[in-house]
1. Could you tell me whether Leu7 is surrounded by 12 or more Cβ atoms within 10 Å (Cβ to Cβ) and either farther than 30 Å from Lys140 by Cα or at pLDDT below 90 (or both)?
2. Could you go through the range 136-147 and let me know if any residue there is more than 21 Å from Asp35 (Cβ to Cβ) and in a helix (DSSP H, G or I).
3. Could you list, in sequence order, the residues of the range 106-165 that are in contact (Cβ under 8 Å) with a residue 40 or more places away in the chain and either closer than 30 Å to Glu72 by Cβ or touching a Phe, Trp or Tyr at 6+ places or on another chain (Cβ under 7 Å) (or both)?
4. Scan the range 21-32 and give yes if some residue there is modelled with pLDDT of 85 or more and either part of a helix (DSSP H, G or I) or closer than 25 Å to Lys135 by Cα (or both), otherwise no.
5. Please indicate, with yes or no, whether at least one residue in the range 113-121 is touching a Lys or Arg at 6+ places or on another chain (Cβ under 6 Å), more than 14 Å from Ser57 (Cα to Cα) and surrounded by 12 or more Cβ atoms within 10 Å (Cβ to Cβ).
6. Quick one: is Ser57 closer than 21 Å to Glu128 by Cβ, at pLDDT 80 or above and surrounded by 11 or more Cβ atoms within 10 Å (Cβ to Cβ)?
7. Taking the stated definitions as given, is Ser70 among the small types (Gly, Ala, Ser), at pLDDT below 90 and assigned to a helix (DSSP H, G or I)?
8. Here are Ala92, Ala82, Ala86, Ala54: which of them is closer than 30 Å to Lys37 by Cα and either touching a residue at least 60 places away in the same chain (Cβ under 8 Å) or over 60 Å from the mean Cα position of the chain (by Cα) (or both)?
Amino acid sequence: MGIFKRLFKIGQAEAHSKIDKLEDPVKMTEQAIRDLKADMSQSIHALAEVKALAIRSRKEVESYKNQASSYEHKAMQLVKRAESGALAEDEANRLAISALDKKGQMEESYKVALANQTKYDQSVAKLESNIKKLKNNISKWENEAKMLKARAKVSKATKNVNKQLANIDSSSTVAMLERMKEKVDQEEALAESYGDIAHENRSLEDEIDSALEGSNTSGSDALAALKAKMNNKAIEE
């Protein structure tokens, strides 16, 4: 069971490590900013399309307005020609009524186009405001992300250094140095002890030699005295 438990712990640690890598806040922030930029790109594309509709609506408004004015002018011209006798009154009235009908149609189209233009202009203003805010936020978040990324590098380096320092203490390196110092002190003391013993042995030999030298000196003196005595005795005889 022990080996299976150990394998489970190893697998669990690797899974946590992978999760930590997947949830790297720096990478997640950078990805979020990339997503925002993609959203902004789509918003700019949508803005261009809405602006195109707004431009088209303005042109339609102007066109319908001009056409309505033109049909009204034509109806007036037809009435004038009928009054002058240049055109039969019935024919002039029929054509004038048709022109006024066209004028009414143009005015209705004008109202629809004007309403669309207002709606598109509002959409353009809203999109431009949102894009401006999004640009400002992206710029701000990019700066913050750069700063946080730099801080993350510093904190990681600091963590590694502190971890190494902590591992030095936890691995009993200081204790090993103390044991080494104790061993060196012991070796030095032992060397000094052997030196003292050697000195004591040498001193003992010196004492013996000194004693022997003293004995030899005494024997020589005695022999010299004996010879002197013998000489004196011979002279007396």
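1. no
2. Taking every residue of the range 136-147 in turn, none turns out to be more than 21 Å from Asp35 (Cβ to Cβ) and in a helix (DSSP H, G or I).
3. Correct list: Met106, Glu107, Ser109, Tyr110, Ala113, Leu114, Asn116, Gln117, Tyr120, Asp121.
4. no
5. Taking every residue of the range 113-121 in turn, none turns out to be touching a Lys or Arg at 6+ places or on another chain (Cβ under 6 Å), more than 14 Å from Ser57 (Cα to Cα) and surrounded by 12 or more Cβ atoms within 10 Å (Cβ to Cβ).
6. For Ser57, the condition - closer than 21 Å to Glu128 by Cβ, at pLDDT 80 or above and surrounded by 11 or more Cβ atoms within 10 Å (Cβ to Cβ) - is met.
7. Judged against the criteria, Ser70 is not a match.
8. Ala54
The values are calculated or read from the model by the stated rules, or taken from the named source; none is laboratory data. Since the model is a prediction, treat every value here as computed from it, not as a measurement. Reconstructed Cβ throughout: ideal geometry from the backbone, glycine too, with neighbour counts over all protein chains shown.
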